[in-house]
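Here is the structure we will look at.
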Amino acid sequence: MKHTITRKEDLNAADYVIDVIAPKVAKKFRPGNFAVLITRSNGERIPMSIEKAEGDKITMYIKRLGKTSRELDTWNVGDALYKVIGPMGTPPPLKKYGTVVFASDLVCGHAENNAMCRELKKIEGNHVISIQSFPTKEDVYPEKERAKKDADEYILATGDGSVGRKGHMIDVLQELLEERKIDMVFAGGDIPALQKLSELTKKYNVPVMTTVRQIMVDATGMCGSCRVFIDGEQKLACIDGPMFDGHKVDWEAAISRLAMFKGKEAEAMECYNEKMKAVV
Amino acid sequence: MAIQERIPMREQDPEVRITNFLSVPLGYSAEEAVAEAKRCLQCKVPLCETGCPVRMDIKDIINLIADEKFEEAFLLSKKDNAVPAMTGRVCPQEDQCEGKCVLDKTGQPINIGKLFAFVADWARDNELMDETTPQENGKKVAIVGSGPASITCAVDLRKLGCHVTIFEALHMAGGVLQYGIPAFRLPRDVVDYELSYLEKIGVDIQLNQVVGQNVDFEELKKDYDAIYLATGAGAPRFLNCEGEKLKGVYSANEFLIRVNLMKAYKFPSWDTPIFCGNKVGVIGCGNVAMDSARCAKRLGAKEVYILYRRTKQCAPARAEEIHHAEEEGIIFKEMISPCRMLGNEDGWVTGIEMVKTEFKGTDKSGRPRPVNIEGSEFIMEVDTIINALGTTPNRLFLSNVPELETHSWGGIKVDDNFMTNIPGVFAGGDALSGGSTVIEAMGNGRDAAESINKYLNK
Ligand SMILES: Cc1cc2nc3c(=O)[nH]c(=O)nc-3n(C[C@H](O)[C@H](O)[C@H](O)COP(=O)(O)OP(=O)(O)OC[C@H]3O[C@@H](n4cnc5c(N)ncnc54)[C@H](O)[C@@H]3O)c2cc1C
Ligand SMILES: Cc1cc2nc3c(=O)[nH]c(=O)nc-3n(C[C@H](O)[C@H](O)[C@H](O)COP(=O)(O)OP(=O)(O)OC[C@H]3O[C@@H](n4cnc5c(N)ncnc54)[C@H](O)[C@@H]3O)c2cc1C
Ligand code: SF4
Ligand code: SF4
Ligand code: FES
């Protein structure tokens, strides 16, 4: 199977979108699933949320972060990834929740936001509100890459107020929770922000499911690298999640464990930069 | 007559080998192999064969080696064993074939494992394979997992003419042989060659296919005449003690998957990182613990401790592994058991609290039972902890197929013919037992193949 890139566009200065041929993944995709990418035969297995599946293609939003995501950014339409595996994870049920919010502030969260809103809206009895926040006007994704058309109500926010509502997704959510009855909140994005968001929903007694991104290796439940602690019980983000009840997550452990390979990642990046210098 | 001693196995020097991942034993030369084979007494009743779970024709194979008929020896060994190059290297021979050899009493049993590895390696060097062109019988069998149980079952069923498709979740085939056992024990060219045999005889291996997740079990049931489940026992077990969330605390599976499957020892030219500190504590004393400890040493750790609640005489690890680990400077701390892990304010592990143990009576396995000595707790400084407490059956598949009957601890239930409660669905290997040996898994795969064949011809 050749996992050819069929589209690659910038979302903003940091994030880009790719469409990749992966028919088996596309066929089984449900919103909330992620894929595992291996770009080269000596590459890492990296998890990426799937934004949508269309025909034999899947769409992913990727942040230029470390070695793999930056290297992939130098690839073009027509290049092929070594492996695309999935869909992985156990997404939350798609059902009638009532007034349901999806809030996101980061690349993976935005992809999940689009995916979930699209399907939640199709279910009778749901009123779907999407909140997407970005730091500033320049960071806002193009309209077709936002959940605007997929939600009943769409709230765009920027940290500096340069476009849309001023503030972060948490500020917008707080206003909503003050104003009306929200039955269910989903959220994805920055982990420390998700902790705060979970605490907020607890105050208002509203259930919340958030993505708990953790470092994954196999993503099939065999290594325990992605372990998260839910009400003291150990779960695996790759097979039991990655979405969990935000009120029960041990956030301190999740935040701490995500930084385990910081030093090594910097080393990989340095090495990659050296190599790129040599190429130029 | 004085007993002639075993022909010694040449090995990489410990000082050198802790800096690389190349095979520790260098293998017999043809002359050495012939000399070792000639020591065999060719017993009338070859007890050695009673110790081999797949009943290899040990005596005859050794005789062929003694006569320098390596090709015949290889073909005969392939009759009962799909992967002799691997079992020769990883079987616990001291408990199996070599443990039963009449010469064992003298302390100098025939080195059966290394002889068989020699023959298989010789065949590989000479690009020899036992060619079989099976007569197609039109039956389709799906096999889930690609570890030793699956490999054996696949080969046997293919030889009977079935169309066999293996579905493997990972991006490389082989199960534990690929992701668990390090290359210095089982070189990857050996694994690759043995697997290429499957493809050569026409077994279809589909990688990245997680049955129950991206491949529907229901679809498999519709599309295939029988299914064999050998999904292994790869789910890590944790102590569930304080401090296990800390950074620097690994399950042995994570540590070994990073090193072996993802080649983290070649970081950064390979992308997957691994963090290994200077003072590493490995909890447990089985093969998994030995592999973890020896990998840590090779990643540059200065001090590596095996922390074990019994003594190494009771350890489940192969004798050769313990011996090699000691040569490599791994420090064995016996009769101690872990209580909790300690960390600093950045969330990194800094130590482990252990308690001393003493033996009181015996447990179900017949081994002395260790009990904690109250008040004897002490703290060891470590910056990396590897949990090698054993594993439980992989639950991703199981949780997606609730109608499959399992034991409370997760093992799949089967009848005497290895059939599960779902007709036409068979199971084997570590997924039944929760963990055993390569050769047990293979024996299991062989028995299941026989049952599946009977079922298909009913
Ligand atoms: C379920 C899930 C969904 C994700 N979805 C997206 C997405 O839609 N878009 C996106 O841009 N990113 C997503 N990520 C994060 C993405 O996997 C990492 O950004 C990527 O692995 C970084 O690789 P790198 O080599 O570029 O950077 P590195 O330098 O290797 O890592 C940078 C940071 O990424 C995180 N990371 C590194 N390796 C992994 C790993 N194997 N698994 C998880 N996180 C890791 C760590 O926080 C690390 O500090 C997701 C992660 C998970 C677990
Ligand atoms: C580190 C380590 C060292 C060991 N050392 C020795 C040794 O020296 N000697 C010895 O005899 N034994 C040893 N063992 C034990 C031995 O390796 C196992 O008993 C044996 O591999 C079991 O074989 P299996 O075929 O049942 O499963 P495995 O080898 O575990 O293979 C199972 C395969 O199934 C795949 N799988 C799981 N779920 C799915 C799914 N849903 N869909 C598709 N595929 C799936 C997994 O990815 C895996 O590849 C060791 C084990 C480990 C972990
Ligand atoms: S398969 Fe294992 S037990 Fe049997 S003869 Fe070979 S090494 Fe010995
Ligand atoms: S028991 Fe030992 S000496 Fe006798 S046939 Fe077997 S290997 Fe040879
Ligand atoms: S990534 Fe290995 S268990 Fe989840």
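Read-outs: derived from the displayed coordinates by stated rules, not from any lab. Source: prediction; values computed, not measured. Positions of Cβ are backbone-derived with ideal geometry, glycine not excepted, and every protein chain shown enters the neighbour counts.
With a ≥ b ≥ c taken as the square roots of the eigenvalues of the C-alpha gyration tensor of the range A:3-88, please select rounded if a/c is under 1.5 and otherwise prolate if a/b is larger than b/c or oblate if it is not? It is rounded, given that a/c, with a ≥ b ≥ c, falls under 1.5.
R0 = 51 Å: FRET efficiency of A:K2 with B:T132, Cβ-based, nearest 0.05? After rounding, the FRET efficiency stands at 0.95.
Between the range B:27-100 and the range B:278-337, the alpha-carbon centres lie 29 Å apart. The shape of the range B:1-46 comes out prolate: with a ≥ b ≥ c from the C-alpha gyration tensor, a/c is at least 1.5 and a/b beats b/c. Pairs over the 30 Å Cα-Cα cut-off, from the set B:K114/B:K266; B:K222/B:K454; B:K78/B:K222; B:K139/B:K413; B:K69/B:K159: B:K78/B:K222.
Could you give the dipole magnitude of the protein assembly as shown about its Cα centre, charging the beta-carbon of Lys and Arg +1 and that of Asp and Glu -1, in debye to the nearest 20?
Values: 94 positive and 107 negative charges, 154 e Å.
It works out to roughly 740 debye.
Ranked by the mean number of other Cβ atoms within 10 Å per residue, highest first, peptides B:383-391, B:419-427 order as B:383-391, B:419-427.
Sparsely packed loop sites in the range B:355-423 (the GluC sites (Glu not before Pro) outside DSSP H, G, I, E and B with at most 11 other Cβ atoms within 10 Å) comprise B:E374, B:E403, B:E405. Partners of A:K24 within straight-line reach, counting aspartates and glutamates whose Cα lies under 14 Å from its Cα and excluding those fewer than 8 residues away in the same chain: A:E54, A:D56, B:D216, B:E219.
Kindly identify chain B as rounded, prolate or oblate by the Cα gyration tensor criterion: order the square roots of the eigenvalues as a ≥ b ≥ c, call it rounded if a/c is under 1.5, otherwise compare a/b with b/c, prolate if a/b is larger, else oblate.
oblate
Projecting the Cα atoms of A:G109, A:S133, A:Y97 onto the dipole axis of the range A:95-146, where Lys and Arg carry +1 and Asp and Glu carry -1 at the beta carbon, places A:Y97 farthest toward the positive end.
Looking at the protein assembly as shown, what % of its DSSP beta bridges pair antiparallel, to the nearest 5? Bridges in the protein assembly as shown are about 50 percent antiparallel. For the segment B:62-68, counting C-beta atoms of other chains within 10 Å of every residue's C-beta and taking the mean gives 0. Neighbouring Cβ atoms from other chains, within 10 Å of the Cβ of residues in A:17-26, number 1 on average.
In chain A, helices alone account for a calculated mean residue ellipticity at 222 nm of -8500 deg cm²/dmol, with every DSSP H run of four or more residues adding -39,500 (n - 2.57). Over every Cα atom in the range B:238-389, the radius of gyration and the widest Cα-Cα span, Dmax, amount to 15.3, 52 Å.
Between the range A:1-38 and the range A:224-264, the alpha-carbon centres lie 24 Å apart. Taking 20 Å as the straight-line reach from the Cα of B:K360, the lysines in range (excluding those fewer than 8 positions away in the same chain) are B:K312, B:K333. Between the alpha-carbon centres of the range A:73-124 and the range A:134-162 there is a gap of 16 Å. Taking loop as defined by DSSP and a crowding limit of 14 other beta carbons within 10 Å, which trypsin sites (Lys or Arg not before Pro) in the range A:178-220 fit? Sparse-neighbourhood loop trypsin sites (Lys or Arg not before Pro): A:R180, A:K181. For the peptides B:210-219, A:29-38, the ranking by mean Cβ contacts within 10 Å, running from highest to lowest, is A:29-38, B:210-219.
Please list, by residue number, every one of the GluC sites (Glu not before Pro) in the range A:52-131 that is coil in DSSP and has at most 11 other beta-carbon atoms within 10 Å. Intermediate values should be presented prior to the final figure.
Values: sites: A:E54, A:E71, A:E112, A:E119, A:E124; in loops: A:E124.
When the GluC sites (Glu not before Pro) of the range A:52-131 are filtered for loop state and at most 11 Cβ neighbours within 10 Å, A:E124 remain.
When DSSP beta bridges are restricted to pairs lying wholly in chain B, around 40% turn out antiparallel. Show which aspartates and glutamates lie in cross-link reach of A:K264 when reach means a straight Cα distance below 15 angstrom and same-chain residues fewer than eight apart are skipped. Of all the aspartates and glutamates, those that pass the test against A:K264 - Cα under 15 Å, at least 8 places apart if same chain - are A:E44, B:D271.
Greater than 20 Å separation of Cα atoms is the criterion. Which listed pairs, A:K95/A:K166; A:K63/A:K137; A:K52/A:K166; A:K52/A:K144; A:K67/A:K235, meet it? In this structure, A:K95/A:K166; A:K52/A:K166; A:K67/A:K235 exceed 20 Å between Cα atoms. In this structure the amide hydrogen of B:V282, modeled in the peptide plane, comes within under 5 Å of the amide hydrogens of B:Y305, B:I306, B:L307, B:I386, none closer than 5 places in sequence on its chain. When the convex hull of the Cα atoms of the protein assembly as shown is projected onto a plane and the area is averaged over all directions, what value comes out in nm²? Average projection, Cα convex hull of the protein assembly as shown: 35.4 nm².
The calculated FRET efficiency for B:T19 paired with A:K122, based on their beta-carbon distance and R0 = 51 Å, is about 0.30. Scaling against 2.2 N^0.38 Å puts the C-alpha radius of gyration of chain A at 0.98.
With contributions of -39500 (n - 2.57) from each DSSP H run of at least four residues, the per-residue ellipticity at 222 nm computed over chain B stands at -9000 deg cm²/dmol.
Note on B:L26 and B:H407: the model spin-label points, each 7 Å out from Cα along the C-beta direction, lie 4.5 nm apart.
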